[in-house]
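Here the structure comes first, spelled out in structure tokens, and everything after it is commentary.
A short reminder: the numbers here are calculations on the coordinates, not readings from a lab. Remember, predicted model here, so these are calculated numbers, not experimental data. Using ideal geometry, Cβ is built from the backbone for each residue, glycine included, and neighbour counts are taken over all protein chains shown.
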Amino acid sequence: MKRLLLLNLVAILLFSGESAGSPARFRMLAEEIPDAVTVEIILVNSPGITHEASSWEIAYEFRIATDAMVWEANKKRQSEPRNTSRAGELINQGVVKKSLRPPGHRRIVLQFPLNRDIQERLRNHPRDRVKLTPGNVTPEQIKLAKEQEMKSQSFLFYPVISVFDAQLKKTIVMQFPQVWSFSGSAKPRYEIKVVVNPDGSYSVNRTLPTRARLD
């Protein structure tokens, strides 16, 4: 029962906004399968953003994983807090570094092409998710939830953003791993906005794509 409660919580956190109606086992249609995923990172402001010596660097990994993989990774981190292994299959990784003075350098757009194997995994992503209600779970719902856990796909983004602010005379390092459930959009685009405050603290705002209509 504990696992069911946690599965339900994960579904609420990671798949909020998705249909909770009757589960369907149909594969995604060809026109719903993306050939790339776009991640846009914007540095909205920093005290020394216009300073000639200010710069930022983004080191990243972009991965794909099933719900089952995400669940196992989370469970492993709870039992082994020092474990740094990451869930899923690596799609791309890299480092981008730019000065901050030119306004155009404060927006970094990363595009990750998806090969045929990954597209086939997305094709098998359930079009609707079964909703588990604690205290009212049927054996059929448990079976469907486990099946969907093995097929549902999420994109995992691991960024390390380092902003050197020449006015503050310090480097602010930010790490905030993201888990984005595949929403059924043929052109998934995710946006992250970062603000460095005058005291050197920071805030992060993340937006998710609107779920595509699948009916």
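Listing for the model above:
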read-out: Eligible lysines near Lys187 by straight Cα distance, threshold 29 Å, same-chain separation 8 or greater; value: Lys97, Lys98, Lys131, Lys146, Lys151
read-out: Neighbourhood net charge (15 Å Cβ-Cβ; Lys/Arg +1, Asp/Glu -1) for Asn83; value: +3
read-out: Total formal charge among the other residues, if their Cβ is under 11 angstrom from that of Lys193, Lys/Arg +1 and Asp/Glu -1; value: +1
read-out: Cα gyration tensor shape of segment 26-100, rounded if a/c is under 1.5, else prolate or oblate by comparing a/b with b/c; value: oblate
read-out: Cut-off under 5 Å, modelled amide H: who pairs with Gln153 long-range; value: Phe182
read-out: Compactness of segment 96-178, expressed as Rg and Dmax over alpha-carbon positions, Å; value: 20.9, 61
read-out: Pairwise label distance in nanometres, Asn115 with Arg101, each label 7 Å out on the Cα-Cβ vector; value: 4.2 nm
